[in-house]
Amino acid sequence: MSSSEFPSVASSSSGFLQRPLPSIPPTATILGVKVHALTNAQTLALIEAFIASGQPHQLCTVNPEFVVAAQQDEEFRQIINAAALALPDGIGLLKAARFLRTTPLPERVPGSDLVVRLAELSHQKGYRLYFLGAQEGVAEQAAAKLKERYPNLSVVGSYAGSPAIEENEAIVQRILPTQPDILLVAYGAPKQDKWIARNLERLQIPVCMGVGGSLDFIAGTSKRAPVWLQRLGLEWFHRLLTQPWRWRRIWNAVPRFSWLVFWSKFKPKRPAALP
Ligand code: UDP
C-alpha cells in the first residue's frame, strides 16, 4: 500500500473530534450474529472513548466469512456477540441487513483501513500500539511503513508468536509491561478473536482488535484489491485471482453466505407450539 492510498482520519471524519462522543449504536442481527450499525467516524470516536475509559474492550471486524463460521462455531458466535464493537467489515453484511430488513448498516468499516486510521490517531494523540501476529518480520515492516507517513506513531512492541495455547502465557507476559492503548492481533479469524477473548481481562488493554491480513497489506507482503474493485464489492474476486487456494473460504464468504441469508428469510416458519 503506498502512503498516498492511506485513508485519512481528517478526510473521513472531518470535525468528529469536536462533536460529543456517540453512544454505542444499535445492532443488526444477521444469522444470529450481531453487527453494530456505525460509521468509520463513529468507530474512531468510540475508540477514543474506550481509551479514555481505561477499561478493556474487544473489537471484531465482521465479514460474511465470520458469519458463516459462527453458524458452526458457537464460541466464535458468542465472542462476536459479546464484543464491545462488531464492525461491519464486509459489503455483504450491508446488503444482507437491507435484505433481511434488520437495522440498516450505514457503511463498511474495513479493518484494514481502520488500522491505518489508528496509526494516524496514535501520531496525533500519542496512543501506544502493539502489533501481535503475522509472519516473522511483517509487523515490523508494517510499523516502518506507517511511521514513514506518521512519524509520531508509537509502536511499543511487535511479536509474531503463535495463537497456540502453549505460547499464550509467554505472549501475555511479553505484552503486559509495554502498556499499549491498542493491541492489534493478526492471527486470522477465529483464532485472533478467541485469543483476545481469552486474554482481555488479564491484559486490561482498552482496545483489542483482530486485524486478519491487514499487517500484510500495509507491509506490502500481500496485495489488497484496487479501490475500484472494493467499491464494487468485488474484493473477494481479487482474492480468488491472487490467492486461488483460498477458494473454499471465498465460497463460504459469497455463495454460501448469500444462500444462508436468503434461506433464513424464506424458510418455512415452524408452526407455533400448541398450548
Ligand atoms: N497468522 C499467524 N499465525 C497463525 C495464523 C495466521 O500469524 O497461526 C497470520 C497470517 O500470517 C496473516 C494473518 O494471520 O498475517 C491473517 O491470516 P489470514 O490471511 O488467514 O486471515 P484473514 O485476513 O483472511 O482473516
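Observations
- Counted residues, region 76-94 - those being of a type in the set (Val, Ile, Thr) and closer than 15 Å to PHE257 by Cα: 1
- Taken over region 235-273, residues that are buried (at least 16 other Cβ atoms within 10 Å of the Cβ) and more than 16 Å from the ligand (Cβ to nearest atom) amount to 2.
- Given (1) assigned to a helix (DSSP H, G or I); (2) in contact with a Phe, Trp or Tyr (Cβ under 8 Å, 6 or more places away or on another chain), index of the condition PRO163 fails: (1)
- Members of region 198-222 that are outside any helix (DSSP H, G or I), within 12 Å of the ligand (Cβ to nearest atom) and in contact with a Phe, Trp or Tyr (Cβ under 8 Å, 6 or more places away or on another chain): GLY210
- Among the candidates GLU167, GLU140, residue that is acidic (Asp, Glu), farther than 28 Å from ASN252 by Cβ and within 16 Å of the ligand (Cβ to nearest atom): GLU140
- Of the residues in region 152-175, not one is crowded, with 23+ Cβ neighbours inside 10 Å, in contact with a Gly (Cβ under 7 Å, 6 or more places away or on another chain) and of a type in the set (D, E, K, R).
- Within region 187-206, being β-branched (Val, Ile, Thr) and closer than 12 Å to CYS60 by Cβ holds for one residue alone: ILE196.
- Here LEU200 does not fit the description of being in contact with a helix residue (DSSP H, G or I) (Cβ under 8 Å, 6 or more places away or on another chain), surrounded by fewer than 21 Cβ atoms within 10 Å (Cβ to Cβ) and under 24 Å from LEU85 (Cα atoms).
- Of all residues in region 50-66, those that are of a type in the set (D, E, K, R) have Cβ atoms under 8 Å from Cβ atoms of residues that are modelled with pLDDT of 95 or more, 6 or more apart or on another chain, in GLU65/ALA189; GLU65/PHE257.
- Among the residues of region 176-197, those identified as buried (at least 18 other Cβ atoms within 10 Å of the Cβ) and away from the ligand (no atom under 15 Å from the Cβ) are PRO180, ASP181, ILE182, ALA197.
- Within region 59-79, the set of residues being under 14 Å from ALA253 (Cα atoms) and hydrophobic (A, V, I, L, M, F, W, C) comprises VAL62, PHE66, VAL67, VAL68, ALA69, ALA70.
- Filtering region 171-197 to residues that are farther than 11 Å from PHE131 by Cβ, among the aliphatic types (A, V, I, L, M) and without any contact (Cβ under 8 Å) to a residue 60 or more places away in the chain leaves ILE171, VAL172, LEU176.
- Count of residues meeting criterion [more than 14 Å from the ligand (Cβ to nearest atom) and within 19 Å of the chain's Cα centre (by Cα)] in region 223-234: 5
The values are calculated or read from the model by the stated rules, or taken from the named source; none is laboratory data. Since the structure is predicted, the reported quantities are computational estimates derived from the model, not experimental observations. A quick note on method: Cβ atoms are made from the backbone with ideal geometry, for glycine too, and the neighbour counts reach across all protein chains shown.
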